[in-house]
Amino acid sequence: MTIAFIHEEIPTEQVEQREKVLSSLTDAVRDLVDATIRSTVADDELDAVRAEVEALAARLRAAQLPGPAGVRYNSEGRSWNWGNAVVGRGNAVAPPVDITHDEFGSAYAELTLGAAYEGPPGMVHGGVSALLLDQIMGETASGFKRLTMTGTLTLRYRRPLPLGPVRLEAQIDRESGRKITVEARIGVPGEDAAVEATGLFLIPSWAPLDESAASWSRSAEG
Ligand SMILES: CCCCCCCC(=O)SCCNC(=O)CCNC(=O)[C@H](O)C(C)(C)COP(=O)(O)OP(=O)(O)OC[C@H]1O[C@@H](n2cnc3c(N)ncnc32)[C@H](O)[C@@H]1OP(=O)(O)O
């Protein structure tokens, strides 16, 4: 099974304008999620809010894609993946993360994880740490110049990670043919890692070894 990227000839300026507006909506929806979890208003007020939220969803459903958002690109080399579970600008379920790539082979991110990402009381859910680590490690392995997929991800949860500010770091440890090994960690900024990860990322046998010339591979972080 191949992974399909969708060519859509929208001018970059228009993509960026849409992304800006969509990101603002996503931030507002993320805030709504947090507000829902933590709200202590009366039941009838919850019910009134539900009716308004349903009305808003109906407005958005007035024009919809037939399925998931996918990864799209134009011939100017701009790509966008607004539905991605971690970095999708249109995905309010995604943690609010921006990943910075220092140079090819290493990356970091700082973000604040709130009530929506709770596992043990007051702590980050282990699956959320894994989700964030998988993304930063995958991007690091790929470097946006080749397609990589997670083959094996090994996590060591060393200590609980409190909700609040967190920092992620990843770097390529070694490469051999289609196999790229990435090391990563997540923890409270300035403290020892709470979770350490090692991942084997694979360039699938059906994908080219280097796709840096392909339109999808540039600025795929969006
Ligand atoms: C910029 C984007 C960032 C994105 C970050 C998000 C990352 C993700 O979520 S990716 C989604 C999760 N991962 C997946 O869905 C992957 C599903 N698996 C697959 O598609 C395939 O099994 C795939 C592509 C990994 C390997 O298939 P294929 O390319 O045919 O490899 P195959 O010929 O079977 O094996 C090649 C080599 O890799 C090894 N290998 C294959 N699969 C694995 C694995 N899962 N773990 C370790 N080694 C493996 C094989 O043993 C073989 O080794 P050797 O050459 O030494 O004999």
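The values are calculated or read from the model by the stated rules, or taken from the named source; none is laboratory data. Here the structure is a predicted model, which means the values were calculated and not measured. Counting neighbours? That spans all protein chains shown, and the Cβs are built from the backbone with ideal geometry, glycine included.
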Taking into account only those residues within the range 91-108 that are at pLDDT 95 or above and within 11 Å of the chain's Cα centre (by Cα), which is farthest from THR181 (Cα to Cα)? ALA92
Output for Cβ contacts, cut-off 9 Å, separation at least six or different chains, first residue on the phi > 0 side of the Ramachandran plot in the range 74-97, second away from the ligand (no atom under 12 Å from the Cβ), reads GLY77/THR12; GLY77/ALA214; GLY77/SER215
Just give me the residues in the range 68-85 being among the polar types (S, T, N, Q) and either assigned to a loop (DSSP other than H, G, I, E, B) or within 12 Å of ALA4 (Cα to Cα) (or both), in sequence order. ASN74, SER75, ASN81, ASN84
When the range 159-192 is examined, which residues are found to be among the small types (Gly, Ala, Ser) and surrounded by fewer than 19 Cβ atoms within 10 Å (Cβ to Cβ)? GLY164, SER176, GLY177, GLY190
Scope the range 52-73; condition free of Cβ contacts under 8 Å to residues at least 60 places away in the same chain, surrounded by 10 or more Cβ atoms within 10 Å (Cβ to Cβ) and among the small types (Gly, Ala, Ser); matching residues: ALA69
What number of residues within the range 82-96 satisfy the criterion of being small (Gly, Ala, Ser) and more than 14 Å from the ligand (Cβ to nearest atom)? 2
Just checking, which of SER176, SER142 is over 23 Å from ASN81 (Cα atoms) and either out of contact with any Phe, Trp or Tyr (no Cβ under 7 Å at 6 or more places or on another chain) or of a type in the set (Gly, Ala, Ser) (or both)? SER176
